[in-house]
Ligand SMILES: NC(=O)c1ccc[n+]([C@@H]2O[C@H](COP(=O)([O-])OP(=O)(O)OC[C@H]3O[C@@H](n4cnc5c(N)ncnc54)[C@H](OP(=O)(O)O)[C@@H]3O)[C@@H](O)[C@H]2O)c1
């Protein structure tokens, strides 16, 4: 253990206590270009040493490959980790730009069995609906998820990219521990409906892509020029062409704040997300994704940075100025249905 074990926060009123920053594991198998299994394994171990206990995956990440990859780490540390995985989304192998969304009972039942098998555990700690199929009433989906809790297959329930109203309807069926949605200096649409609903209902917020998929760290500027073929970020409107150029220029105030703290840009983005917890009055557990041990140290260290009111004001207007949506198809998000 280091001298700086993370503080903890509760995943919803009845959920487990976890390190206040989790680890996004998606990039270890999927979406963000070439991977290095040894470096990823070292990253997982380093995260645990830092006090990270919430590990985020999904059955869609590499069509099950990410769950399989994480299984040995989870089994070696079963009592120390909180395993979060997801169902509802699949990507046809012949067209990686397409998404199929299913929220119906037969689909959920086969998905949970497949995830349990790949993870090779008896129970999933936090099971999320990854995306919403508007043709299936959310109450029906959550009723099936609640049955999985009663059957001992999953412990706690989560929802990803749901609207405030969908969250309220879901909570009427079974307690929801966490909402996972994109939230960062550049993506704040959820503050209108989802965040107030989560606070009101005692649901924790788990911001995904809190580093703006890496863009907020300054590690790439134009996805088409800087990232490899097949990298998912090349499909996202805000990371290519004129939008990318305009958005890279928006990082200037982040750089100013970072210099004042002797910190990196990414650390300021993470400190901002953590500080929104205080502004909105709810538990916030960001899950930055990385495959590099040194970056886990850098990212967890951000939990010790406190931004001043003046710095927060400097960062406040950024999201409103971002050019381009966060997905090519926004019906894929809560904002597309609000
Ligand atoms: N519910 C959903 O729909 C949904 C959608 C997307 C993601 N997620 C989850 O959220 C997690 C995090 O989101 P994300 O991975 O999309 O985006 P993110 O955390 O905003 O950014 C990840 C990117 O930033 C880079 N990075 C991380 N730390 C860095 C640092 N200190 N300095 C420079 N670069 C750094 C990573 O590269 P390296 O890996 O090379 O370090 C990776 O390319 C995912 O892993 C996944 O589990 C959920």
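Below is a table of values for the structure above.
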read-out	value
Matching residues in segment 286-314 - criterion: being more than 16 Å from the ligand (Cβ to nearest atom) and in contact (Cβ under 8 Å) with a residue 12 or more places away in the chain	306, 307, 311, 312, 314
Flag for residue 112 being in contact (Cβ under 8 Å) with a residue 40 or more places away in the chain, within 20 Å of residue 12 (Cβ to Cβ) and over 17 Å from the mean Cα position of the chain (by Cα)	yes
Test: residue in segment 265-280 that is part of a loop (DSSP other than H, G, I, E, B) and surrounded by fewer than 19 Cβ atoms within 10 Å (Cβ to Cβ)	no
Members of segment 223-279 found to be in contact with a strand residue (DSSP E or B) (Cβ under 7 Å, 6 or more places away or on another chain) and within 14 Å of residue 318 (Cβ to Cβ), listed by number	269, 273, 276
Subset of segment 292-338 [surrounded by 14 or more Cβ atoms within 10 Å (Cβ to Cβ), out of contact with any strand residue (DSSP E or B) (no Cβ under 8 Å at 6 or more places or on another chain) and not in a helix (DSSP H, G or I)]	292, 305, 307, 323, 324, 325, 327, 335, 336, 337, 338
Matching strands (runs of 3 or more DSSP E) fully within segment 5-63 where at least 2 residues are surrounded by 21 or more Cβ atoms within 10 Å (Cβ to Cβ), more than 11 Å from the ligand (Cβ to nearest atom) and at pLDDT 95 or above	17-19
Residue 283 vs. criteria away from the ligand (no atom under 15 Å from the Cβ) and surrounded by fewer than 19 Cβ atoms within 10 Å (Cβ to Cβ)	no
Hits in segment 77-109 - residues which are within 15 Å of residue 157 (Cα to Cα) and within 18 Å of the chain's Cα centre (by Cα)	82, 83, 84, 85, 86, 87, 88
Some residue of segment 120-128 being more than 22 Å from the chain's Cα centre (by Cα), part of a helix (DSSP H, G or I) and surrounded by fewer than 19 Cβ atoms within 10 Å (Cβ to Cβ)	no
The one condition in (1) within 15 Å of the ligand (Cβ to nearest atom); (2) assigned to a helix (DSSP H, G or I); (3) touching a strand residue (DSSP E or B) at 6+ places or on another chain (Cβ under 9 Å) that residue 108 fails to fulfil	(1)
Condition check for residue 74: touching a residue at least 24 places away in the same chain (Cβ under 8 Å) and within 12 Å of the ligand (Cβ to nearest atom)	no
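The values are calculated or read from the model by the stated rules, or taken from the named source; none is laboratory data. What you see is a predicted model; the values in this text were computed from it and never measured. Here Cβ is always computed from backbone atoms with ideal geometry, including for glycine, and neighbour counts include all displayed protein chains.
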